[in-house]
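Below: the structure, in structure tokens.
Derivation of every value follows stated rules applied to the coordinates shown; laboratory data play no part. Values in this document were obtained by computation on a predicted structure and should not be read as measured data. Cβ placement follows ideal geometry from the backbone for every residue including glycine, while neighbour counts extend to all protein chains displayed.
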Amino acid sequence: MTLFDFAGIQKGMHGTNEIARSSFRVPSDEAVDYFVDRFNAFNVKHDGIKEQFGRKVLPFEDFDGQLYQIISDEHDNGVAPGKPWKNGPVPEAFGIYGLGPVVINTSQFNAFKAAFETVYMFKETAVEGNQHLFETGEGGNGASVIIVDQPEGPAGYQGFGTIHHVAFRVPDENGLNEWIERLQGYGLPNSGYVDRFFFKSLYARLTAPLLFEIATDGPGFMGDEPYETLGEKLSLPPFLEPQREAIEAQVRPIDTVRSTK
């Protein structure tokens, strides 16, 4: 989950034609119940537990109005999750251990569906009202996108509190290169190969303004930081290391003291 700290930008607005909501996977329905209590204790705005395509979900939002949800893996048998953070303030049995379905609103559902299935090879597997579940690969919470057919209403626009883009993972650079060829074969304008050092990427807009990234799993973020202190200092790729002093002088300080609450 990447957050951009852009100073002075406008507040975004939710609406149609928007990547609207991110999901965090937890192991069980009991873990969802745990987060209801945790959100209440920390005054996090939430909508209470709901059911979505046979899974318990807990929609919530942050102080910027950005939308998220906790989703239960109780009945999931698709892509395996990761591992919860050890020695954190949330018990490991209830901890977040993966990203779940992303929710996308579109005013042109049929056209979007055709392009999404053709180019990105997702398949529609279930429908609930105006929500359409699409899955890829092994499927499940870790390989799903929920497309909301929302033909009316104002269009969303980006700013703080909204999602800039969503990334789909591939194992390595060989997989990324195959996707570069695929997008070029469909004549879809794209960024081509982008080296982010910690991973390699490809960006394309299937339909404006929805931006999709494809990113490699590796090499990852622990090449220069041990697990025990990951995230406690500013990490820079080697080519920026000589500029550390100047960069640190411009970056807004973030409190990285680990919570025990």
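Overview of values
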quantity: Among L210, L202, L236, residue whose mean-square fluctuation peaks in a GNM of the chain (springs only between Cα atoms under 10 Å); calculated: L236
quantity: Centroid-to-centroid separation of region 190-261 and region 62-119 [C-alpha atoms, Å]; calculated: 20 Å
quantity: Inter-probe distance in nm under a simple model that places probes 7 Å from Cα toward Cβ, at A115 and V257; calculated: 4.8 nm
quantity: Candidates per trypsin sites (Lys or Arg not before Pro) in region 16-96, loop by DSSP, up to 16 other Cβ within 10 Å; calculated: K45, K86
quantity: Environment charge of G192, counting only residues whose C-beta is closer than 15 Å and scoring Lys/Arg +1, Asp/Glu -1; calculated: -1
quantity: FRET efficiency, E92 to L234 (Cβ-Cβ, R0 30 Å, nearest 0.05); calculated: 0.60
quantity: Per-residue [θ]222 nm for the chain (sum of -39500 (n - 2.57) over DSSP H runs n ≥ 4, rounded to 500); calculated: -5500 deg cm²/dmol
quantity: Ascending count of other beta-carbon atoms within 10 Å, so fewest first, for V44, V102, V251; calculated: V251, V44, V102
quantity: Spin-label proximity, E225 to region 153-197 - amide N less than 16 Å from point 7 Å beyond Cα toward beta carbon; calculated: 197
quantity: Potential lengthening between Q250 and D195 on full extension [0.36 nm per residue; Cα-Cα distance subtracted]; calculated: 17.5 nm
quantity: Cleavage-rule hits (trypsin sites (Lys or Arg not before Pro)) in region 192-227: DSSP loop, at most 14 neighbouring Cβ within 10 angstrom; calculated: R196
quantity: Within region 1-99, percent of DSSP bridges classed antiparallel, to nearest 5; calculated: 70 percent
quantity: Low-density loop positions, GluC sites (Glu not before Pro), region 144-249 - DSSP coil, at most 16 other Cβ in 10 Å; calculated: E152, E232
quantity: Reachable lysines from K123, criterion Cα separation under 19 angstrom, eight or more residues apart if same chain; calculated: K113
quantity: Of all DSSP beta bridges in region 15-165, antiparallel share, percent nearest 5; calculated: 70 percent
quantity: Cut-off of 10 Å, at most 10 other beta carbons, DSSP loop: longest stretch of the chain lacking such chymotrypsin sites (Phe, Trp or Tyr not before Pro); calculated: 64-261
quantity: Within the chain, percent of DSSP bridges classed antiparallel, to nearest 5; calculated: 65 percent
quantity: Convex hull of Cα atoms in the chain, direction-averaged projection (nm²); calculated: 14.9 nm²
quantity: Greater than 25 Å apart at Cα, pairs in K83/K261; K83/K200; K86/K200; K56/K233; K233/K261; K11/K50; calculated: K86/K200; K56/K233; K11/K50
quantity: Length added when fully stretched, M13-N130, from 0.36 nm per residue minus Cα-Cα; calculated: 40.0 nm
